[in-house]
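To start, the structure under review is shown below, and the notes come after it.
The values are calculated or read from the model by the stated rules, or taken from the named source; none is laboratory data. The model shown is predicted, which means the values in this text are computed figures rather than measured ones. Cβ sites come from the backbone with ideal geometry, for glycine too, and all protein chains shown count toward neighbours.
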Amino acid sequence: MEWVGDARLAAGPEAACYLEAAFTPGAHIGSVYDDPTTPIVVTRIEELTTIRVPSGRLVVDAPWDDDEIWEYGRGLPTRPPRELAVSIPPGVYRVEIAWTSGPYEFFGELCDGVETAATRLCVSDDPVVGWEMALGVDEDIDRLRAGDEPRFYSDANVGCFADAAAWTTLSAPFRKVVDGIPAPRDTEQLADGCERVSDESHRADLVTFGAESGGVVWLGRTRTGDVAMIVVTTGMAGAPA
């Protein structure tokens, strides 16, 4: 039987087009702000790293809450992470970033306008037939209003994928503070300023990526309803009103 999603979570036409184009090199996904004649073009897809998710439970959230640093100052969790309601098969998955370029002029200087279009966790290579927003484990679809976009927030413009069962250990380096200021982190530095933390007791990982103010998490579903892709986008309209 073919998968039929819930209309309250389904990507609208604009969001669906964006999600399909974001990982297609050469595709246009809009135009430069204040310059409709200059397109924003997908330039490359970068495999950032791989991530181990042995529990099949996935957190997609900021790796820390600002309150943990500035208000409490003790490096302790102040809230549960945003764990997705959907689970995936335990395994090792690719994390990929789609990069775009939209040249623009700033105070007489030409800038390349290189930005992140989206970040994805590749669950399988099966074709995606539809997209829907991902709910967290504590979110109720019946409480959604027209136009609502379930999402995570990040004042530091950083998001992450992480195994939920190992979250306390994996996120600990991001909560270390000295005199109320974030301490240097002992993490693996990846390309483009992203980081990776590993917990060998769980054989699990956390991988960070850029996420301006946070982001909406999208599930790419196959014909049978299985999740093939988990994609994070920022600043983009989503579900139909």
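Data overview
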| read-out | value |
| --- | --- |
| Qualifying residue in segment 147-156 (condition: closer than 24 Å to residue 188 by Cα, modelled with pLDDT under 95 and surrounded by fewer than 16 Cβ atoms within 10 Å (Cβ to Cβ)) | yes |
| Matching residues in segment 22-59 - criterion: being aromatic (Phe, Trp, Tyr) and surrounded by fewer than 16 Cβ atoms within 10 Å (Cβ to Cβ) | 33 |
| Residue tally, condition farther than 25 Å from residue 223 by Cβ and among the charged types (D, E, K, R), over segment 1-56 | 6 |
| Residue in segment 132-142 that is assigned to a helix (DSSP H, G or I) and either at pLDDT 90 or above or among the acidic types (Asp, Glu) (or both) present | yes |
| Every pair of residues 6+ apart whose Cβ atoms lie under 6 Å, when the first sits in segment 81-92 and is within 19 Å of residue 214 (Cβ to Cβ) while the second is among the acidic types (Asp, Glu) and not in a loop (DSSP other than H, G, I, E, B) | 81/61; 82/61 |
| Cross-chain or 6+ apart pairs with Cβ under 9 Å, segment 10-31 first and over 13 Å from residue 42 (Cβ atoms), then β-branched (Val, Ile, Thr) | 15/216; 15/233; 31/37; 31/38; 31/40 |
| Some residue of segment 153-171 being in a loop (DSSP other than H, G, I, E, B), farther than 20 Å from residue 19 by Cβ and without any contact (Cβ under 8 Å) to a residue 40 or more places away in the chain | no |
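Condition check ((1) exposed (fewer than 14 other Cβ atoms within 10 Å of the Cβ); (2) out of contact with any Ser or Thr (no Cβ under 9 Å at 6 or more places or on another chain)) across all residues:
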site	(1), (2)
119	no, no
122	no, yes
126	no, no
137	no, yes
161	no, no
185	no, yes
188	yes, no
